[in-house]
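The values are calculated or read from the model by the stated rules, or taken from the named source; none is laboratory data. Here the structure is a predicted model, which means the values were calculated and not measured. With ideal geometry, Cβ positions are generated from the backbone for all residues, glycine too; neighbour counts draw on all protein chains shown.
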Ligand code: 4AD
Ligand code: MG
């Protein structure tokens, strides 16, 4: 950028659009969204700099020195710096406009710039993930995602939780679902073999290691020292499911609290979700109106309703009874002891409850080893939070804190004690009841924005067969 920038204050489009700066001389910097010439001998240039959904209108008179040579041919996507006086706008649609006394072209965008005025589908825009943040939808998504991330930290800090960073490379499979990406430096075309098997001792870490599917087990070690902690980091799952709700790389927030039982955990999850909603509705109002108008009509009303009522709670067993007596045709049969499918979850939250729903006490056979066994011998103290349109956004549980029960459960599930020796130690030394959950960050972005595909809720989606950018 040129070094002889004017001395005028450089302000964002968001601030320039507020009437507070009227009659001040300012400078704005951004990218041209539209330009049209008026018969009266001037150009209207709309620029956006990412600070808000709305653009700033710049009025450039034909008397400007570079009007013929530059301004009258400014193309969509070009970057410019404009200075002048901010005025109350005479035209409709905006409160202010900039009466320019200088418009400088910084970077031209030739006519093949893909984001011309024409609207593109979200599928098409995925092919341009490097340019899509310059559209209204993805600008709004980025700002909402940013706000949510900040609120996550604010909420947990205010609740007395410490932010901890758990490892991204790990040797333990927290969820036991075998969906881990292997991390290796072994030469894949010439693997070291010992006694007919791959010699993993030659690998970088001396044993097989993976990208983490969850930071929970490590978070438990900090919760049983700091009392309360949370993680917020990337997690990876090599699930080969090409759905609108699954990513191979996604971000998860995992709070973990000592002396918390399942009911405390459920209450925390509800406060957390409501806080996220409240902040986004209050602080991203313009972006949220866009989603309400363009993406999912009725979105704002349905989100506001969530804030007004307590979340409904249903045990897994009650949920199965409701599904069985619903008279609804499902692709997957419902039976006690089988995992609920997306269609079942969506029936429960959309049709039965019409809002968020917490399901708890799932059969132990469909849940991981660490969940606390209930007295009935059949269920564990698990909880999932389901929301309309998306289904599960939170999965969590009370953890098994009883050493003997944990060991018996691991044996039942064929897990080796030596692989989890440090996790078992937490039960040997000052064990306490404790609980936590994981919130899928992109799932919550998806729910709050009403977007239909999770691939549009993360800047650069990673899905089976696709790791572009
Ligand atoms: O239910 P999950 O598998 O729970 C755990 O990983 C626990 N260890 C969390 C804990 O108790 N600390 O995953 C938690 C959440 C899900 O509810 C979902 O929102 C999200 O992570 N999630 C995914 N999001 C996008 N793509 C995927 N493939 C996801 N898998 C899970
Ligand atoms: Mg789950």
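Within the stretch 173-216, which residues are within 22 Å of the chain's Cα centre (by Cα) and in a loop (DSSP other than H, G, I, E, B)?
174, 175, 179, 180, 181, 212, 213, 214, 215
Go through the stretch 55-101 and count every residue that is in a loop (DSSP other than H, G, I, E, B), within 39 Å of the chain's Cα centre (by Cα) and modelled with pLDDT under 95.
6
Wholly within the stretch 220-337, which strands (runs of 3 or more DSSP E) include no fewer than the required count, namely at least 3 residues that are closer than 30 Å to residue 168 by Cα and either modelled with pLDDT of 95 or more or under 26 Å from the mean Cα position of the chain (by Cα) (or both)?
228-236, 249-258
So how many residues does the stretch 29-54 have that are under 21 Å from residue 142 (Cα atoms), touching a residue at least 24 places away in the same chain (Cβ under 8 Å) and not in a loop (DSSP other than H, G, I, E, B)?
7
Given the criterion in contact with a helix residue (DSSP H, G or I) (Cβ under 8 Å, 6 or more places away or on another chain), under 20 Å from residue 173 (Cβ atoms) and away from ligand 2 (no atom under 16 Å from the Cβ), identify the matching residue among 415, 407.
407
I'd like to check something: does the stretch 381-401 contain any residue that is exposed (fewer than 15 other Cβ atoms within 10 Å of the Cβ) and either away from ligand 2 (no atom under 16 Å from the Cβ) or at pLDDT below 95 (or both)?
no
Is it the case, given these coordinates, that residue 125 is under 34 Å from the mean Cα position of the chain (by Cα), within 30 Å of residue 273 (Cα to Cα), within 16 Å of ligand 1 (Cβ to nearest atom) and outside any loop (DSSP other than H, G, I, E, B)?
Taking the combined requirement at face value, the residue does not satisfy it.
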